[in-house]
Amino acid sequence: MSRPDASLVPLLVAVATVACGTTPTDPLVSEVASVSTEIGPQSGSPANINGGLTNQSAEADSAWFFNTPTGYVSRYSSEQAHSGDRSIELGAATHGGPGIFGYTGQRIEVGDLTGVKLVLTAYIKLENVVGQGVSLALRGDDPNQNWGSAEVFSTTQRKIDISGSGDWAEFSVELQGIDSSIGIITAYVVFLPETTGTVFVDDVRITASEETPVLSLQNGSFEDGDLRPEYWWRGGLGTAGFVFEWSSTDGWAGDRSVSISRSSESEADFVYWAQTLRGDDFLGGPVTLTAHVRGNLSGQGASIVIRGDDTAQPSEHANAFVTTQGTVSITGSFDWTEYAVTLDFLPTDMKSITVYLLFLPGTTGTVDFDGVELVR
Ligand SMILES: [Ca+2]
Ligand SMILES: [Ca+2]
């Protein structure tokens, strides 16, 4: 294990997980993002997550908000019920074209949900739903940021087909990667664009459980995800001025990669893409991180890092740490190049490994990352 740059280590070990805005590039994502953008904070008194959603069975006229474009139906209904006498009805006899959709939703104020996985579950009854169908979605927002793009977002759209006709059935969507900046969680049931028919929704609930890091590095090629590459999160110290992107046109492998750029230099600030996983497969042995990197950089440039923690998420000081910074220079203009860094020994009491793809202090330009692997 080497710690060549003492100035970085204390900064990195105090891992700040500051979420930043994102620029959706996928057609699906734009649709979903616009869904999100048009849904502003709602009036009313949000419940705490411990109480979960209120009026879950839609028996009262409270808590749920509705978006009802012309020609659409979004309302409480006594026509169908999974429990009690009522449910929520969404539908359209003729759809309004791309970008027009109905929805219902509910907003909850939450405390720190770092390390918590949320699951939104609803009973849905479908009547002649033709087209894209219906989706369940969860989004998390930082109350200190302008309401715009979600900080974290998860949807069933294009993953689970909820269309056709069918009696009451349970559907759910999971949201992970929630960090301490998230203070508002919103649950949605969306009657998607270019869809006709009628859907009834009842007994909607959110449950929380402890997030368990994945066993091995996931989505190392950045091909999967909705609003962000799945399993990856972003953070850093002083994130202003940095641009995170998830490119859909230009990967080292596949179509996608991630990048970080900054046009003006900061002496102290740095940011990263990161992923946390369980260390089980690596305990007591060496761990090697490889990444394909492409740069158009000036200054210190980029680095890749492995850290180990005796906690399920990176917390305070790292228990094990290695970086390319100070030993391998990753700067200048260069096409896709493979870089590697090895942690010689991972202590056996480690509960998580976090890999970081960093944009170092004192750097300008753009760096791309793709094809990330972690092997023993
Ligand atoms: Ca009901
Ligand atoms: Ca890729």
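The values are calculated or read from the model by the stated rules, or taken from the named source; none is laboratory data. For clarity, every value in this text was computed on a predicted model and none was experimentally measured. All Cβ positions, glycine included, derive from the backbone under ideal geometry; neighbour counts span all protein chains shown.
For this structure, a couple of remarks:
- Among the residues of the stretch 316-350, those identified as surrounded by fewer than 17 Cβ atoms within 10 Å (Cβ to Cβ) and not in a strand (DSSP E or B) are Glu316, His317, Gly326, Thr327, Val328, Ser329, Asp344, Phe345, Pro347, Thr348, Asp349.
- Check on Ser165, of a type in the set (Ser, Thr, Tyr), surrounded by fewer than 20 Cβ atoms within 10 Å (Cβ to Cβ) and assigned to a strand (DSSP E or B): yes
- Among residues that are among the small types (Gly, Ala, Ser), within 16 Å of Val189 (Cα to Cα) and either at pLDDT 95 or above or within 16 Å of ligand 1 (Cβ to nearest atom) (or both), Gly99 is not included.
- Whichever residue in the stretch 115-147 is assigned to a loop (DSSP other than H, G, I, E, B) and either in contact with a strand residue (DSSP E or B) (Cβ under 9 Å, 6 or more places away or on another chain) or at pLDDT 85 or above (or both) and, among such residues, is surrounded by the most Cβ atoms within 10 Å (Cβ to Cβ): Gly133
- Residue in the stretch 56-63 that is under 26 Å from the mean Cα position of the chain (by Cα) and either more than 13 Å from ligand 1 (Cβ to nearest atom) or farther than 22 Å from Trp168 by Cα (or both) present: yes
- Which numbered condition Arg376 fails, given (1) among the charged types (D, E, K, R); (2) touching a Phe, Trp or Tyr at 6+ places or on another chain (Cβ under 7 Å); (3) surrounded by 19 or more Cβ atoms within 10 Å (Cβ to Cβ): (3)
- First in the stretch 51-73 and in the same structural domain as Phe191 (by TED's automatic domain parsing), second anywhere and in a loop (DSSP other than H, G, I, E, B) and among the acidic types (Asp, Glu), Cβ under 8 Å, 6 or more apart: Glu59/Asp85
- Residues of the stretch 245-281 satisfying the condition of being of a type in the set (A, V, I, L, M), within 16 Å of ligand 2 (Cβ to nearest atom) and either within 17 Å of the chain's Cα centre (by Cα) or farther than 18 Å from Leu374 by Cβ (or both): Val258, Ile260
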